[in-house]
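Colleague: Would you mind keeping the following structure in view while I ask a few things?
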Amino acid sequence: MGGRESKFRGELERLRTELDCDFCALALLDNNEYPLRWKLASGSQNDRFLTMADKPGRGLSGTVMKVGRAMSLQVADLIRTRELHEYPILISEKLRSAYAVPLMHDGKVNGILLVGDRKKRIYRPEDRASASLGGERISMLC
């Protein structure tokens, strides 16, 4: 990532403070190819996210990346539908709620911004708008 890393970190910290959330993370495609890998996080409880990669068509790669739209995630719903195992970052960071925003560059999705909370949270429209703006700021750095 090089010199951009500090700018990415700054944006993640800014967004975490702005949204008053527990966790913000950035995942990018390696050389615009799969797998999607988590690169940086703010508010993480451990560094396990750095070893995680989403397989094509699974988890956030299969939803946010494929559709190109933001989405809310509730762990209770994922448990009920038996899909939680497809979202290891939620398990590792003990997140109960999350909001994922696709990062667009040249008309293609090349990453994901994930904001999350360790308690159940419904992301209000203004929270979702802030997360989307954060995603746009990060996309400009890519």
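Read-outs: derived from the displayed coordinates by stated rules, not from any lab. Not measured: the values here are computed from a predicted model. Here the Cβ positions follow ideal geometry from the backbone for every residue, glycine too, while neighbour counts run over all protein chains shown.
Colleague: Largest first and in whole Å, give the semi-axes of the chain's equivalent ellipsoid, each being the square root of 5 times a Cα gyration tensor eigenvalue.
Modeller: Equivalent ellipsoid of the chain: 20, 17, 15 Å, largest first.
Colleague: How much mean residue ellipticity at 222 nm does the chain get from its helices, if each DSSP H run of length 4 or more adds -39500 (n - 2.57) and you divide by all residues, to the nearest 500 deg cm²/dmol?
Modeller: -9500 deg cm²/dmol
Colleague: Moving to a separate point now. For a quick check, take a GNM of the chain with Cα springs below 10 Å and name the residue from ARG128, ARG82, ARG118 with the largest mean-square fluctuation.
Modeller: ARG82
Colleague: If you don't mind, there's one more thing I want to ask. A 24 angstrom limit on the alpha carbon distance is what I want to check against. Which of LYS55/LYS119; LYS39/LYS108; LYS7/LYS108; LYS55/LYS108 exceed it?
Modeller: Over 24 Å Cα-Cα: LYS55/LYS119.
Colleague: Something else about it: For the pair ALA76 and ARG4, what calculated FRET efficiency results from E = 1/(1 + (r/R0)^6), where r is the Cβ-Cβ distance and R0 = 35 Å, to the nearest 0.05?
Modeller: 0.45
Colleague: Quick one: among ILE122, ILE91, ILE79, which has the greatest mean-square fluctuation in a GNM of the chain with alpha-carbon springs under 10 angstrom?
Modeller: The residue that fluctuates most here is ILE79.
Colleague: Please sort by residue number the GluC sites (Glu not before Pro) in segment 71-111 whose DSSP state is loop and whose Cβ has at most 16 other Cβ atoms within 10 Å.
Modeller: GLU83
Colleague: Could you check which residue among VAL67, VAL101, VAL75 shows the biggest mean-square fluctuation in a GNM of the chain with a 10 Å Cα cutoff?
Modeller: Looking only at VAL67, VAL101, VAL75, the largest GNM fluctuation is found for VAL67.
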